[in-house]
Amino acid sequence: MELNRLVKGKKGEKQFLLGNEAAVRGTIEAGVSIASTYPGTPSSEIGNILSVLAKDAKMYFEFSINEKVAMEVAAASAASGIRSFTFMKHVGLNVASDSFVSVVYTGIHGGMVILSADDPSMFSSQNEQDNRHYGRLANLPVLEPSNPQEVKDMIKHAYNLSEDYKIPVLIRTTTRVSHMRGIVEFGDIPETVNLNEKINSTKDNHWKKGFFKKDPKRFVPVPDNALDMHKNLVSKMKHIDKIANNSDLNVVFNFSDKHNETKATEANNKNSEVINENSEANNENSEVINENSEANNKNSEVINENTKNNDKITEINKKNTENKTNNKKFGAIASGSGFNYVYDVINEDNLGIDILKLGFTYPFPKELVVDFVKDLDGVFIIEEVDPIMEKEVLATFGENQINIPVFGKIDGTFPLIYEFNPDIVRDSIDKVLNHISSENKVHKTGNVSVKLDGKLTDLFENLPSRPPTLCAGCSHRSTYFGVRRAAEELGIANEDLIFSSDIGCYTLGVSPPYETTDYLLSMGSSIGDACGFSKATNQKIVSFIGDSTFFHGGIPPLINGVHNNHRFVVTILDNRTTAMTGGQPNPGLPVDGMGDVAPEISIEKIAIAAGCEFVETINPINLMKTVDTYKRALEYDGIAVIIAKHPCTLIKGLKKRRSMIIKQDKCNKCLDCITTLACPAISLEINKESKEKKVIIDDTICKGCTTCLQMCKNKAIGIKKD
Amino acid sequence: MFNKDNFYNIYICGVGGQGIIKTSVIIGEAAMNEGYEVVMSEIHGMSQRGGVVSTELKIGEYKSSIIEKGHADVILSFEPSETIRGLKKSNEGTEIVFNTSPIIPSTLIQFHQNYPDIKEIINELKSNFNNVYPIDGEKLAIESGSLLSLNMVLLGAVISTDTFPLSKSSVIKSMKNNLSPKFHDMNLKAIEKGYNVVK
């Protein structure tokens, strides 16, 4: 697909889209006028695409300095009556949370949607926190899409909800949804406010942009106002609770009598109308439910006991598998990717288990759940990561005195951590049903899974690993080599040198041979942590932080360090891009998020302004200079700032100037270049016949940085002449 | 024959930077254009720094984009040792199409590991599976004009296997829709070379 289809594609057109691409189309179909982010996987592609397409989509887009600022840009825009979108990875919402919680209090005029991309199994994150908790913490609606089509549609849906109730809406995706591809059918694109048009403000043309109408009672949460705001928020959410219970984002997939996909709301409508209209009817309703559950009680007593202890379930169920489960009727409640897995398992194995798919998961649609479970003998809860819906279901059952077993994460049916997949979901359900293990599942062709044995097992078990590594020509490698050499020359033992690192490519320094990451918490933490180590220990401290990360969260702790007289070395690894997330611009570059010329902010001047007196910019590829600078920095009494400036090798348009070559006659095969640099271009070749070993440099991989040439003690590495 | 009630699962694996995701998107888009339901998983981020990359394509009425253990109809591997890693998705009937040119990790010495013998990989696969197609992808790619067309050689190879459900013409159309016109001729040549080596 050509990317511009996301802007130009007409209603009805179908494209095979990544979840993140679908999110972009969703914002365009929703008429979003302003979008902001700080890049972070698994949400990065949304920003990468918007930075290319925003102008065509009549949208203003920026890579904000950090997620909190991105949140504030979106909040103020929505307060001014235009639709705003901000998106970030799950831990980004931690950074933004201070303003995030407040904007839920103040509310908005134009719609505001926050997309949080969570990362179960931590493909590229430091934790797998479940951001659905934030929906409860801040008290705002949460939607959970399962596939790219739903990502797009739920974004549109969220804007209507947001404007109806003047409240921001949180959309929670996971890696498997953001990075899933599926067929997406486009909808209409509305006319919107174009913030990129430069118009001088006059009384007559306010409408061409947003307009912020002053209303301190609404927008200034000083205690007096905040008291009212919280009251209003609770009342809004009470209304939205009804919406959740009647939302067509919540759907029942009917497998028990072979009808497919009935709207949960249709089935529930009668129920909830009664509930909403008068409480007497409500009571009757719950009496019926109570009767049901009393009847259920007897049936489920045995199962209940078993669920308390998972081992017990398996043990007892193994004894009398068939007669125990065959005449029981189970249901499943699922959201996000969990729904996809359980749907496929139930569908393929003909389990006859109905699924209540929840897309609108907070406020939790309790009435819908009560209705769904009314004829059931047990219910499975399928959700990634934390047992949030499960606790809601248990609470709902408690309130309504429903006594059927809940098979989820708490009782041990499903794993409590990491992302799910169809095999995990099948094997989890099998703990209760006992006849569908994935071990025995036969492919439609009748073929069984290959059981690796003999030589194949040997091959499998001894496969070489492929850990992510610093690229060939990456200047972080030279910096790490330089700091190690400096410490060695000063006689500082490894245990006396703490490396506090940060979030970025350079975190890969945790691996051998560099081992230059000893402590890491979050974006910008390398400097704050250094402050702590500096007072708590007598060890030397070297922190590493990238250019983008320094702007994001490194400036306040640097000022803190100077003001409080701490003593450590700060390395700002300025590789002229936000490399780990795919090369986005940052304030240190002369270009902004939409590709326009922008003022370049000097890291050096910031450090000087912060009061640092030792501030030196080096090219880390120059090893001698690097070693010398670190030696002086390590002996400096105060905060020494070293800016290691060299462009990332992945920046497009960088020309390769040369390749390195091993002078075989001078190489004594000490292998220092391999064992201390671990450059992907350098490897050891073993001749199959003669078994002779030879160090070689692959010139298709080599970027010509010369680090190896400079470090080789035997002067056995030279520049290859073409 | 494959029809709309059927399922077809393609597991594609290799090393970051080999063009695996692009190849997968081309197949997925072709499936969509032929009127099938299709979903796909891809993982971005750290795995692209020289790490293992895999995508999972499922054609048919699936909701989930992860292939179950033993349920790949075909494994398309861009790197010989990665073929072995992909076998967790294989059953006895899985067709295995793979590139025989290795990418040797630079970390072998640090981790005291060895790269397996390619001949042994080929022999072991052949003695355990009925449909094994080792392909000298690098050679065919260079013959087509550039090593960069390796992914198109392998695409050509996989579409010529007996069970592959999509037509060659729709895959080519999808390739043209996803890659720069500058390289269409080279990529067509590469697809043909891969196609003919299996047929």
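The values are calculated or read from the model by the stated rules, or taken from the named source; none is laboratory data. What you are looking at is a predicted structure, and each value in this text was computed from that prediction instead of being measured. We place every Cβ from the backbone using ideal geometry, glycine too, and count neighbours over all the protein chains shown. Calculation scope for accessible area: heavy atoms of the full protein, side chains included, ligands and nucleic acids excluded. Shrake-Rupley method; radii C 1.70, N 1.55, O 1.52, S 1.80 Å.
A few remarks follow.
- Number of positions in segment A:346-361 that are within 14 Å of chain B (Cβ to nearest Cβ) and within 17 Å of A:Glu390 (Cβ to Cβ): 2
- In segment A:335-345, the residues that are open to solvent by less than 10 Å² (accessible area, probe 1.4 Å) and either at the interface with chain B (Cβ under 10 Å from one of its Cβ atoms) or among the β-branched types (Val, Ile, Thr) (or both): A:Ser337, A:Gly338, A:Phe339, A:Asn340, A:Tyr341, A:Val342, A:Asp344, A:Val345
- Output for segment B:110-141, where each listed residue is within 12 Å of chain A (Cβ to nearest Cβ) and aliphatic (A, V, I, L, M): B:Ile118, B:Ile121, B:Ile122, B:Leu125
- A single member of B:Thr107, B:Thr94 is in contact with a Pro (Cβ under 8 Å, 6 or more places away or on another chain) and within 12 Å of chain A (Cβ to nearest Cβ), and it is B:Thr107.
- Within segment A:468-483, tally of residues that are facing chain B (nearest Cβ under 8 Å) and touching a Gly at 6+ places or on another chain (Cβ under 7 Å): 2
- Pick from segment A:677-692, criterion open to solvent by 50 Å² or more (accessible area, probe 1.4 Å) and of a type outside the set (D, E, K, R), ranking: nearest to the other protein chains (Cβ to nearest Cβ): A:Ile686
- Which numbered condition A:Asp375 misses (of (1) in a loop (DSSP other than H, G, I, E, B); (2) surrounded by fewer than 22 Cβ atoms within 10 Å (Cβ to Cβ); (3) within 14 Å of chain B (Cβ to nearest Cβ)): (3)
- Test: residue in segment A:138-147 that is surrounded by fewer than 23 Cβ atoms within 10 Å (Cβ to Cβ), over 18 Å from the mean Cα position of the chain (by Cα) and in contact (Cβ under 8 Å) with a residue 60 or more places away in the chain: yes
- Among the residues of segment B:26-41, those identified as under 13 Å from the mean Cα position of the chain (by Cα) and either more than 7 Å from chain A (Cβ to nearest Cβ) or at pLDDT below 95 (or both) are B:Ile26, B:Ile27.
- Extreme residue, nearest to A:Asn622 (Cα to Cα), among residues of segment A:484-508 that are within 14 Å of chain B (Cβ to nearest Cβ) and touching a strand residue (DSSP E or B) at 6+ places or on another chain (Cβ under 7 Å): A:Tyr506
- Any strands (runs of 3 or more DSSP E) falling wholly within segment A:5-99 and containing at least 1 residues that are within 14 Å of chain B (Cβ to nearest Cβ) and open to solvent by less than 10 Å² (accessible area, probe 1.4 Å): A:14-18
- Any hit, segment A:103-115, residues being of a type in the set (S, T, N, Q), out of contact with any His (no Cβ under 7 Å at 6 or more places or on another chain), at pLDDT 95 or above and outside any strand (DSSP E or B): yes
- Residue count for segment A:212-239 under the criterion of being of a type in the set (A, V, I, L, M) and open to solvent by 80 Å² or more (accessible area, probe 1.4 Å): the result is 1.
- Tally of residues being touching a strand residue (DSSP E or B) at 6+ places or on another chain (Cβ under 6 Å) and outside any loop (DSSP other than H, G, I, E, B) across segment A:129-146: 4
- Within segment B:69-88, tally of residues that are more than 7 Å from chain A (Cβ to nearest Cβ) and either in contact with a Lys or Arg (Cβ under 7 Å, 6 or more places away or on another chain) or under 18 Å from A:Gly454 (Cα atoms) (or both): 5
- Failed condition for A:His109, given (1) under 24 Å from A:Val597 (Cα atoms); (2) open to solvent by 30 Å² or more (accessible area, probe 1.4 Å): (1)
- Among the residues making up segment A:389-441, those that are open to solvent by 30 Å² or more (accessible area, probe 1.4 Å), among the charged types (D, E, K, R) and away from chain B (no Cβ under 14 Å) are A:Lys391, A:Glu392, A:Glu399, A:Lys431.
- Among (1) at pLDDT 90 or above; (2) over 21 Å from A:Pro512 (Cα atoms); (3) not assigned by TED's automatic domain parsing to the domain that holds A:Gly583, the one test that A:Arg632 misses: (3)
- Close pairs (7 angstrom Cβ cut-off, 6 or more residues apart or separate chains): facing chain B (nearest Cβ under 9 Å) in segment A:171-182, among the acidic types (Asp, Glu) and not in a strand (DSSP E or B) anywhere: A:Thr175/A:Asp119; A:Arg176/A:Glu419
- Here A:Asp386 clears all of (1) under 28 Å from B:Glu92 (Cβ atoms); (2) open to solvent by 10 Å² or more (accessible area, probe 1.4 Å) except the condition numbered (1).
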